[in-house]
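The values are calculated or read from the model by the stated rules, or taken from the named source; none is laboratory data. Values in this document were obtained by computation on a predicted structure and should not be read as measured data. Quick reminder, even Gly has a Cβ in these numbers, built from the backbone with ideal geometry, and neighbours come from all protein chains shown. Keep in mind that these areas ignore ligands, DNA and RNA; they rest on the heavy atoms of the full protein, side chains included. Shrake-Rupley method; radii C 1.70, N 1.55, O 1.52, S 1.80 Å.
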Amino acid sequence: MQETLETVPFSCVVNGEPVTLAVSPRATLLDALRDKLELTGSKYGCGEGECGACTVLLNGKPVNACLVLALECSGTDILTIEGLRENGNLHPLQQAFVDHGAIQCGFCSPGMIMAAYALLESNPTPTKQQIERSLEGNLCRCTGYRKIVDAVQSLADGVTSHA
Amino acid sequence: MLAYHRPTTTEEALALLPNATGTVSLYAGGTDLLPRWTRGIVPWAQTVVDLKRVHELRGVARDNGEICIGACTAMSDIESNATIREHAPVLAEAAARIACSQIRSRGTIGGNLCNASPAADTAVPLILLDATLELARLENDKVERRTVPIVEFFKGPGSTALASAEILTHIRVASRPSTWLAKWDKFGTRPSMEIAVASVGLALDLSNAKVQDVRIGYGSVAPTPLRGRAAEEVLKAKPLTEESMNQAVDAAKAEISPISDVRASESYRRQLVGVMLRRMLERARNS
Ligand SMILES: Cc1cc2nc3c(=O)[nH]c(=O)nc-3n(C[C@H](O)[C@H](O)[C@H](O)COP(=O)(O)OP(=O)(O)OC[C@H]3O[C@@H](n4cnc5c(N)ncnc54)[C@H](O)[C@@H]3O)c2cc1C
Ligand code: FES
Ligand code: FES
């Protein structure tokens, strides 16, 4: 039986909006996002850092939200897949995933896109090898990865799907 | 876990330890600790002391010809740091081979060492670099510091020279002459997200066609990361020849004590260490 723990309040910025939450000290960032903020784009795959389905940006860096305590995020800036949308439209990276058939069941896609987004933010023109490296921590059971790499590469080449 | 603390100085962090309620755990990136807690492999600590906001524990500085690395520096910062890349590139290369970008953003060099896995990927490079570890504890309310050479830090799987209320604060390595070349490699069954089946490091100063100085290290093949003193001994003060390389490989295979586990058998690991060391020596000779 899990003992009940008193919740502790903390504040952070999620997708540009300041939020204050009260969580159990044992809650992970992924628990807080999914269960408190109902941002269910980030997925729970393994809960131990192996699959990358929970990838979000914490102060601009890609992290596994299942391996961060929510309380550690006090005062930080978090970006999730829900925060990529621009004026109601898909972000060009999301659109590229759609256009390249890089999404099948879609379970890995939010984490995959956030890991690729982190790469493109720090390096707008990565090589194929750099793209593959940046996605090392993201498992996909459907696509065989090639279409995912193609989708990211299409943006790296400066060709957005809207062009 | 009942209490989560986030001190900003080493003194404050140390002062929390003796007064904490129940079991207490120092916490850095959490990449070793959290999966164990959330999966119920070990019970949650009742007090967590998060060290990441302790200013002196973060970042890399030059100090009297030494490189001083804060224990809470993330692997991604070790990998990209200009000073480390220039003066201790073997450490940057090893940090870059850990897990994936998400884990490297969080996992720290201090956590990697204090977790004391025989497979910790920064340990062998730091053995090559003769690193010294700086530890801090409170004595009569004053911060007392001591230093421990890296080879004396590891005591066994999960066990270190740290006393119960002691923190690893810094890792120091000296700059090396440009004739000093260090290489490290790990072997796993896939290229990424892999805990090493075995790892080998070799550092050589081969000026004037002779082994002037040599350091060898092994990971995942003994209860702790290990310095290869026997293999070093047969190479010292001689040219690198077929004979000396063969002797070094034999010495290496004899001085490790691998086990069989889910990743590989004992005999496979022994063979692997021999092959990896042999290739590194050949590459060093031919370069
Ligand atoms: C999916 C996955 C893949 C991984 N792959 C690799 C890999 O390829 N290679 C590898 O080497 N490791 C790997 N690891 C293990 C882990 O990421 C590293 O060991 C990491 O560097 C640990 O650092 P941390 O800051 O997260 O440690 P934490 O989990 O915060 O702490 C680890 C231990 O060190 C103690 N500690 C931390 N900092 C200090 C300090 N300053 N003073 C005293 N005690 C301290 C803690 O109390 C705890 O006992 C992997 C982990 C995961 C989850
Ligand atoms: S759910 Fe976080 S890495 Fe798998
Ligand atoms: S699309 Fe199904 S796991 Fe990647």
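Taking the listed residues A:Glu72, A:Glu50, A:Glu38, the one that is surrounded by fewer than 21 Cβ atoms within 10 Å (Cβ to Cβ), out of contact with any Phe, Trp or Tyr (no Cβ under 6 Å at 6 or more places or on another chain) and on the phi < 0 side of the Ramachandran plot is A:Glu50, with no other qualifying. Selection within the stretch A:127-145: residues that are within 16 Å of ligand 2 (Cβ to nearest atom) and within 11 Å of B:Cys100 (Cα to Cα). The member of this set that is surrounded by the most Cβ atoms within 10 Å (Cβ to Cβ) is A:Asn138. Please list, ordered by residue number, the helices (runs of 4 or more DSSP H) wholly in the stretch B:108-155 having 1 or more residues that are among the charged types (D, E, K, R) and open to solvent by 10 Å² or more (accessible area, probe 1.4 Å). Of the helices (runs of 4 or more DSSP H) lying wholly inside the stretch B:108-155, those with at least 1 residues that are among the charged types (D, E, K, R) and open to solvent by 10 Å² or more (accessible area, probe 1.4 Å) span B:150-153. With the condition kept exactly as written, say whether any residue in the stretch B:51-61 is of a type in the set (Lys, Arg), within 14 Å of ligand 1 (Cβ to nearest atom) and either under 14 Å from B:Ala165 (Cα atoms) or within 11 Å of chain A (Cβ to nearest Cβ) (or both). Taking every residue of the stretch B:51-61 in turn, at least one turns out to be of a type in the set (Lys, Arg), within 14 Å of ligand 1 (Cβ to nearest atom) and either under 14 Å from B:Ala165 (Cα atoms) or within 11 Å of chain A (Cβ to nearest Cβ) (or both).
Remark: B:Ala95 falls outside the filter, which requires a residue to be within 10 Å of the chain's Cα centre (by Cα), surrounded by fewer than 24 Cβ atoms within 10 Å (Cβ to Cβ) and of a type in the set (A, V, I, L, M). The lone criterion from (1) more than 24 Å from A:Leu30 (Cα to Cα); (2) more than 12 Å from ligand 1 (Cβ to nearest atom); (3) touching a strand residue (DSSP E or B) at 6+ places or on another chain (Cβ under 9 Å); (4) open to solvent by 40 Å² or more (accessible area, probe 1.4 Å) left unmet by B:Tyr4 is number (1). Listed by first and then second residue, the pairs with beta-carbon distance under 7 Å, at least 6 apart or on different chains, first residue in the stretch A:40-52 and within 11 Å of another protein chain (Cβ to nearest Cβ), second within 12 Å of ligand 3 (Cβ to nearest atom) and open to solvent by 50 Å² or more (accessible area, probe 1.4 Å), are A:Cys51/A:Leu139; A:Gly52/A:Leu139. Screening A:Thr80, A:Thr143 for residues that are more than 12 Å from chain B (Cβ to nearest Cβ), farther than 26 Å from A:Val14 by Cα and among the hydroxyl-bearing types (Ser, Thr, Tyr) leaves exactly one candidate, A:Thr143. When the residues of the stretch A:82-125 are filtered to those that are touching a Phe, Trp or Tyr at 6+ places or on another chain (Cβ under 9 Å), assigned to a helix (DSSP H, G or I) and touching a residue at least 40 places away in the same chain (Cβ under 8 Å), the one that is surrounded by the fewest Cβ atoms within 10 Å (Cβ to Cβ) is A:Leu93.
Listed by first and then second residue, the pairs with beta-carbon distance under 6 Å, at least 6 apart or on different chains, first residue in the stretch B:228-241 and crowded, with 17+ Cβ neighbours inside 10 Å, second modelled with pLDDT of 95 or more and in a loop (DSSP other than H, G, I, E, B), are B:Leu235/B:Val211. Inspection of the stretch A:83-97 identifies at least one residue that is more than 14 Å from chain B (Cβ to nearest Cβ), touching a His at 6+ places or on another chain (Cβ under 6 Å) and under 30 Å from A:Val8 (Cβ atoms).
Can you pull out the residues in the stretch B:23-71 that are under 19 Å from B:Arg145 (Cα atoms), at pLDDT below 95 and not acidic (Asp, Glu)? Result: B:Asn64, single match.
Count of the stretch A:1-39 residues, restricted to those that are within 14 Å of chain B (Cβ to nearest Cβ) and part of a loop (DSSP other than H, G, I, E, B), is 11. Exactly one residue among B:Arg53, B:Arg58 is under 14 Å from A:Glu72 (Cβ atoms), of a type in the set (D, E, K, R) and surrounded by fewer than 20 Cβ atoms within 10 Å (Cβ to Cβ), and that residue is B:Arg53. Would you be able to say whether some residue in the stretch B:56-73 is away from ligand 2 (no atom under 16 Å from the Cβ) and part of a helix (DSSP H, G or I)? Taking every residue of the stretch B:56-73 in turn, at least one turns out to be away from ligand 2 (no atom under 16 Å from the Cβ) and part of a helix (DSSP H, G or I). Based on what the data block shows, is A:Gly158 surrounded by fewer than 17 Cβ atoms within 10 Å (Cβ to Cβ), assigned to a loop (DSSP other than H, G, I, E, B) and modelled with pLDDT under 95? When the stated conditions are applied, A:Gly158 passes them.
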